[in-house]
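The values are calculated or read from the model by the stated rules, or taken from the named source; none is laboratory data. Quantities reported herein were computed from a predicted structural model and do not represent experimental measurements. Because the Cβ atoms are built from the backbone with ideal geometry, glycine has one as well, and the counts that use them run over all protein chains shown. Accessible surface areas use protein heavy atoms only, side chains included; no ligands, DNA or RNA. Shrake-Rupley method; radii C 1.70, N 1.55, O 1.52, S 1.80 Å.
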Amino acid sequence: MDLRIAFLYPELMNIYGDRGNILALSRRAQWRGIDVQVDNVSIGIEIDPDFYDFYFFGGGQDKQQIAVSDDLQGPKGDALKEAVEGGAVILSVCGGYQLLGKYYRPFDGDDLPGIGLFDAHTEAGNTRYIGNVLIDCAIPGVGTIVAFENHSGLTFLGPGCAPLGKSIIGGGNNGKDGTEGAIYKTAYGCYLHGSLLPKNPAFADHLLSQALARRHGPVELHPLDNSLEQLAHTTATSRARETR
Ligand code: GLN
């Protein structure tokens with residue numbers, strides 16, 4: 001088996017340890033004897049919707065999101081949507097998540113159009129949500145997810161997508177409705193930096209098995225020794241409880 005990963009806009013949308021998600025997913029595949037190919041896909045590079053199994057789209061400041069929003073309009077955004085309809089997995093964090101929705105309205109400046117993969121929109125508030133977060137994930141078998149957030153954007157979900165989970169600690173999507181993130185088919189959005197996957201192995205394996213299933217059919221991942229990951233999860237969780 002092999003896994004094809006596209007790292008979207010690594011030089012523009014990659015903050016608060018986001019690259020660690022690519023490393024964690026790659027290692028968890030390689031430790032199971034699965035070959036991994038990681039390609040950087042940035043401004044001006046076209047996407048073949050049938051090629052990649054997994055896309056990672058990290059966060060970025062308003063300034064970086066302007067060029068990325070522009071690049072995603074038209075064929076590139078359509079290819080990403082077609083890829084998800086074909087079973088490819090997308091994990092998007094914060095600024096990336098916002099641009100997979102309908103639009104992002106920064107505090108200053110013009111609206112940044114998204115691609116409307118998520119039935120959601122985001123408007124910057126005058127409060128930044130910064131700190132450790134803990135959520136109760138809606139995906140069966142995942143349990144809690146612990147991470148870090150830093151955003152001014154407030155995201156509101158429409159009926160066309162479901163929350164990734166409920167906020168236990170942290171602002172989540174908008175600091176009001178108690179939701180965190182979004183799920184549409186095999187596309188995932190969240191405000192979870194940190195990086196996310198190294199200390200949340202159950203969620204990482206959920207994404208990995210879904211991404212492999214696209215070309216290889218249902219995959220039963222053999223268990224790994226997650227003792228270090230679990231220790232990181234528990235430590236970060238107690239820190240989140242202490243600090244917020
Ligand atoms: N610029 C966006 C905001 O402030 C996203 C920030 C981020 O990706 N951490 O909400």
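So here's what we get for this one:
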{"quantity": "Every residue from the range 174-209 that is assigned to a helix (DSSP H, G or I) and either surrounded by fewer than 20 Cβ atoms within 10 Å (Cβ to Cβ) or among the β-branched types (Val, Ile, Thr) (or both)", "calculated": "202, 206, 209"}
{"quantity": "The range 151-166 - residue that is within 16 Å of the ligand (Cβ to nearest atom) and not hydrophobic (A, V, I, L, M, F, W, C) and, of those, farthest from residue 61 (Cα to Cα)", "calculated": "155"}
{"quantity": "Candidates 107, 148, filtered to the one that is within 12 Å of the ligand (Cβ to nearest atom), in a loop (DSSP other than H, G, I, E, B) and open to solvent by 20 Å² or more (accessible area, probe 1.4 Å)", "calculated": "107"}
{"quantity": "Within the range 1-92, strands (runs of 3 or more DSSP E) holding 2 or more residues that are without any contact (Cβ under 8 Å) to a residue 40 or more places away in the chain", "calculated": "35-41"}
{"quantity": "Extreme residue, surrounded by the fewest Cβ atoms within 10 Å (Cβ to Cβ), among residues of the range 122-145 that are β-branched (Val, Ile, Thr) and near the ligand (Cβ under 10 Å from one of its atoms)", "calculated": "130"}
{"quantity": "Unique match (being out of contact with any helix residue (DSSP H, G or I) (no Cβ under 8 Å at 6 or more places or on another chain) and basic (Lys, Arg)) among 102, 185", "calculated": "102"}
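Results for (1) away from the ligand (no atom under 16 Å from the Cβ); (2) farther than 26 Å from residue 121 by Cα, shown as yes or no for each residue.
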site: 32; (1), (2): yes, yes
site: 39; (1), (2): yes, yes
site: 42; (1), (2): yes, no
site: 45; (1), (2): yes, no
site: 60; (1), (2): no, no
site: 65; (1), (2): no, no
site: 86; (1), (2): yes, no
site: 91; (1), (2): no, no
site: 96; (1), (2): no, no
